[in-house]
Amino acid sequence: MDVKLNYLAVLVSALSTFLIGGLWYSPAVFGKAWMRENGFTEESMKGGNMIKIFGLAFLLAVISAVNLAMFMGPENDPTMGALWGFLAGAGWVATFVGTHYLFERKSFTLFLINAGYSIVALTIMGVILAAWK
């Protein structure tokens, strides 16, 4: 199997998850509900090691982008890239996250927020990766 990766597309698609996440989890969209469902407060959110959190989140996004690019293969149609990304988000990520949430007894609202983000982010990733093949 000879898979050629466009590393710039991988990096841009990984970075796109930060733009999407910044909007998705903003107070104007789902941020307040996400904080409430997790039991977070403005004060508790200030205590994290942001360099570690964002650095590892970027690494995980790069791994996701490489994985999606390899599954997509030579696909260069952005519409099909969107479909591949959507299917990865809805068919793999959301189903596994949903299983975790059932056993962890997390709310359906939190599932919808987090799974929805993953579906949208992977769909956009698929578009970027396919458009730049």
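Inside region 96-133, can you point out the residues that are closer than 30 Å to Asn76 by Cα and charged (D, E, K, R)? Within region 96-133, Lys133 is the sole residue that qualifies.
The single residue among Gly21, Gly89, Gly31, Gly73 that is at pLDDT below 95, surrounded by 12 or more Cβ atoms within 10 Å (Cβ to Cβ) and among the small types (Gly, Ala, Ser) turns out to be Gly73. Say whether the condition of being among the small types (Gly, Ala, Ser), under 30 Å from Arg105 (Cα atoms) and surrounded by 12 or more Cβ atoms within 10 Å (Cβ to Cβ) is met by at least one residue in region 46-54. No; the residues of region 46-54 include none that is among the small types (Gly, Ala, Ser), under 30 Å from Arg105 (Cα atoms) and surrounded by 12 or more Cβ atoms within 10 Å (Cβ to Cβ).
Collect the residues in region 11-44 that are of a type in the set (Gly, Ala, Ser) and under 17 Å from Ala57 (Cβ atoms), keeping them in residue-number order. Once the filter is applied, which keeps residues that are of a type in the set (Gly, Ala, Ser) and under 17 Å from Ala57 (Cβ atoms), region 11-44 yields Ser13, Ala14, Ser16, Gly21, Gly22, Ser26, Gly31.
Among the residues of region 93-117, those identified as without any contact (Cβ under 8 Å) to a residue 40 or more places away in the chain and either of a type in the set (Val, Ile, Thr) or within 22 Å of Leu5 (Cα to Cα) (or both) are Val93, Thr95, Val97, Thr99.
Across region 93-126, the number of residues qualifying as surrounded by 14 or more Cβ atoms within 10 Å (Cβ to Cβ) and in a helix (DSSP H, G or I) comes to 22. Here Leu59 passes the criteria (1) surrounded by 12 or more Cβ atoms within 10 Å (Cβ to Cβ); (2) within 21 Å of Ile128 (Cβ to Cβ) except the one numbered (1). Could we say that Ala61 is small (Gly, Ala, Ser), closer than 30 Å to Leu5 by Cβ and out of contact with any Pro (no Cβ under 6 Å at 6 or more places or on another chain) here? So Ala61 fits the description; yes.
When the helices (runs of 4 or more DSSP H) confined to region 42-92 are screened for residues that are under 14 Å from the mean Cα position of the chain (by Cα), those reaching at least 3 such residues are found at 50-72, 78-87. Being within 26 Å of Phe108 (Cα to Cα) and at pLDDT 95 or above holds for only one residue in Ala57, Ala9, Ala14, Ala65, and it is Ala57.
The values are calculated or read from the model by the stated rules, or taken from the named source; none is laboratory data. What you see is a predicted model; the values in this text were computed from it and never measured. All Cβ positions, even for glycine, are placed from backbone atoms using ideal geometry, and neighbour counts span all protein chains on display.
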